[in-house]
């Protein structure tokens, strides 16, 4: 049996990433939260001001025998726009930045290689602005943010923003859906 690993990713609103990764084979847990800011134990309200420096992110616990870190990143780059600085759709501010927070050198190297390959292949029409930085303290978001899409599928943001990302994941990564 393999040891579980952690991946921490930011790609806009954490509800979107959480909803997708919760449905991915090999992912055992997804926690929405905040990372890379200056204020300890930030609240959602504080992070929304854009002044704490935190990004909305998800911390993913996964089994590398079932899903690789590279596969997690492939999904990451397919469900958000890594070319828009501090923005995903109508969500604007540094808290919505695209970032990969690596937990070890192997993750850093693999993420850098994947980003380099995406650039070489001109997969995106604009330069990738995804930050690649070492993981810092991750603060879980308030309970009401956890499993948000699963608990509120009829909510407007979930229907119009989250659901299309989940559908895209299911279409393009059907073999990785739980």
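Bear in mind that the values in this text are calculations on the coordinates, not laboratory data. Please read all numbers here as calculations on a predicted model, not as lab measurements. Counting neighbours? That spans all protein chains shown, and the Cβs are built from the backbone with ideal geometry, glycine included.
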>> Can you give me the C-alpha center-to-center distance between region 1-29 and region 74-92, rounded to a whole angstrom?
In response: 16 Å
> What shape does region 116-178 take by its C-alpha gyration tensor, where a ≥ b ≥ c are the square roots of the eigenvalues and a/c under 1.5 counts as rounded, a/b above b/c as prolate, and the rest as oblate?
Replying inline: oblate
>> Using Cα-Cα distances under 8 Å and only pairs 6 or more residues apart, what relative contact order does the chain have, in percent?
In response: 31 percent
>> Run lengths n ≥ 4 of DSSP H only: what is the helix-derived mean residue ellipticity at 222 nm for the chain, with -39500 (n - 2.57) per run over all residues, to the nearest 500?
In response: -8500 deg cm²/dmol
> So if R0 is 35 Å, what FRET efficiency would residue 129 and residue 3 give, r being the distance between their Cβ atoms, rounded to the nearest 0.05?
Replying inline: 0.60
> When only C-alpha pairs under 8 Å and at least 6 residues apart count, what is the relative contact order of region 18-87, in percent?
Replying inline: 33 percent
> Taking R0 as 22 Å, what's the FRET efficiency between residue 25 and residue 168 from their Cβ-Cβ distance, rounded to 0.05?
Replying inline: 0.85
>> In region 75-101, whose amide N lies under 20 Å from the spot 7 Å out along Cα-to-Cβ of residue 136? List them in ranges.
In response: 85-87, 93-101
>> Please compute the length gained on full extension between residue 104 and residue 159, using 0.36 nm multiplied by the number of residues separating them and subtracting their Cα-Cα distance.
In response: 16.2 nm
>> Between residue 43 and residue 113, what is the label-point separation in nm under the 7 Å Cα-to-beta-carbon projection?
In response: 4.5 nm
>> What does the C-alpha gyration tensor say about the overall shape of region 5-176? Classify as rounded when a/c is under 1.5, otherwise prolate if a/b is larger than b/c, or oblate.
In response: rounded
